[in-house]
1. From 22, 31, which residue is assigned to a helix (DSSP H, G or I), loosely packed, with under 13 Cβ neighbours inside 10 Å and touching a strand residue (DSSP E or B) at 6+ places or on another chain (Cβ under 9 Å)?
2. Among the numbered criteria (1) exposed (fewer than 13 other Cβ atoms within 10 Å of the Cβ); (2) over 30 Å from residue 78 (Cα atoms), which one does residue 132 miss?
3. Does residue 119 satisfy being outside any helix (DSSP H, G or I), open to solvent by 90 Å² or more (accessible area, probe 1.4 Å) and closer than 20 Å to residue 190 by Cβ?
4. Among the residues in segment 176-187, are any of a type in the set (Ser, Thr, Tyr), exposed (fewer than 15 other Cβ atoms within 10 Å of the Cβ) and either at pLDDT 85 or above or under 20 Å from the mean Cα position of the chain (by Cα) (or both)?
5. Can you tell me which condition residue 143 does not meet? The list is (1) on the phi > 0 side of the Ramachandran plot; (2) touching a Phe, Trp or Tyr at 6+ places or on another chain (Cβ under 9 Å), and all the others hold.
6. Of everything in segment 1-19, what is open to solvent by 40 Å² or more (accessible area, probe 1.4 Å) and assigned to a strand (DSSP E or B)? Give them in sequence order.
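The values are calculated or read from the model by the stated rules, or taken from the named source; none is laboratory data. Just so it is clear, the model here is predicted, and its values are computed rather than measured. Cβ placement follows ideal geometry from the backbone for every residue including glycine, while neighbour counts extend to all protein chains displayed. Only protein heavy atoms, including side chains, enter the accessible area calculation; ligands, DNA and RNA are left aside. Shrake-Rupley method; radii C 1.70, N 1.55, O 1.52, S 1.80 Å.
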Amino acid sequence: MLITDVKKAKKHLIDVEINGEIYKIDEEAFIASRLFTGSEISEAGLAALMYKSDLIRAKNKALWLLSHRDYSKKEMLGKLKPDFDADAAAEAIELLSECGMIDDERFARVYANDLVNLKGLSKRGVVMELIKKGIDRETAAIVAEETAIDETETIKEIIRVRYYNCLDDEKGKRRMFSGLARKGYSYNAVKHALEEYLEENDVY
């Protein structure tokens, strides 16, 4: 196959025309290939070039995303796979993991802290949410245990802020129990905390 034209495109890309078809290749990857207009390239060589291009672009996109917040490996793969070769995206994530840019345990600790302090999730709720983000169950359990706060006090605070006006009728109480269950609190934990809340606030 013959490279018939090479043109600068947008966002660090090169339009490479091969046998009348345009391929968008990362500029860094193309320069490193030492190819130019008039060069011959095999199908295997083109595949390797496109993979290298995707690897560089996936890594650059991951770095841009990481400049805004932490990501787990699973989250990042979900961001990269729609735009890049799946293997290249996975390799880019591994390269960033090796240099500490992506760290599932660090992500888990930060995210668990937010889940507890901003959303009021239970220990069980934290584990469930971390697993959804791709954190392995053992790490999720350890982090949740380290991050967990007094569940009874947390439930009472949630009741005070969100459900204080739901305690006069059964429908309101069911809504409260459902809302707290979604945060990972068991029925017995909520019942115990509610009893304490009612006693402390002279509500009967």
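1. None of the others qualify; the one that does is 31.
2. Unmet for residue 132, out of (1) exposed (fewer than 13 other Cβ atoms within 10 Å of the Cβ); (2) over 30 Å from residue 78 (Cα atoms): (2).
3. Criteria met by residue 119.
4. Yes: segment 176-187 contains one or more residues that are of a type in the set (Ser, Thr, Tyr), exposed (fewer than 15 other Cβ atoms within 10 Å of the Cβ) and either at pLDDT 85 or above or under 20 Å from the mean Cα position of the chain (by Cα) (or both).
5. Looking at each condition in turn, residue 143 falls short on (1).
6. Those that are open to solvent by 40 Å² or more (accessible area, probe 1.4 Å) and assigned to a strand (DSSP E or B): 2, 4, 5, 6, 7, 8, 17.
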